[in-house]
């Protein structure tokens, strides 16, 4: 990884669909100037992938673990990703 930069993928389980979770992650990631995406998965979980400065990625992770009002995050799985797998220039809901 580039010094000072991180890329991670999270799968968020709980009551995370139908409660504005993707919009919450999108707004948070954009504010933190991260690249990546957020999307609903067929099993009811939400996938988040982000790339950027380590401190900003850690701030997004803390937000994901809490979620927006109305969400109930039960469990978060985290894995590292290669920087090249995530476009650094934009964050999208897909």
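Some points to look at:
- Enclosing the Cα atoms of region 29-75 in their convex hull gives a volume equal to 80 cubic angstrom per residue.
- Point-to-point label distance, residue 3-residue 15, nm (Cα→Cβ direction, 7 Å offset): 4.7
- Expressed to the nearest 5 percent, the antiparallel share of DSSP beta bridges inside the chain is 90 percent.
- Highest-MSF residue in the chain out of 29, 50, 58 [GNM, Cα springs under 10 Å]: 58
- In the chain, helical runs assigned H by DSSP with n ≥ 4 each contribute -39500 (n - 2.57); averaged across all residues and rounded to the nearest 500, the mean residue ellipticity at 222 nm is -8000 deg cm²/dmol.
- Relative contact order of region 27-94: 45 percent, from C-alpha pairs under 8 Å at least 6 residues apart in sequence.
- Cα-projected label distance for residue 74 with residue 40, points at 7 Å along beta-carbon direction, nm: 1.7
- Rounded tilt (10° steps) of 21-31 against the dominant C-alpha axis of the chain: 30
- Inter-part distance, region 73-94 to region 1-40, computed on C-alpha centroids, equals 6 Å.
- Between helix 54-66 and the chain: long-axis angle, C-alpha atoms, 0 to 90°, nearest 10: 0
- Here Cα extents along the principal axes in Å was calculated from the structure, and among (1) 37, 29, 25; (2) 73, 25, 24; (3) 36, 22, 21 it sits at label (3).
Rule-based calculations on the coordinates, nothing more; no lab input. Fair warning: this is a prediction, and the values are worked out from it, not measured in the lab. Methodologically, a virtual Cβ is constructed for each residue, glycine included, from the backbone with ideal geometry; neighbour enumeration extends over all protein chains shown.
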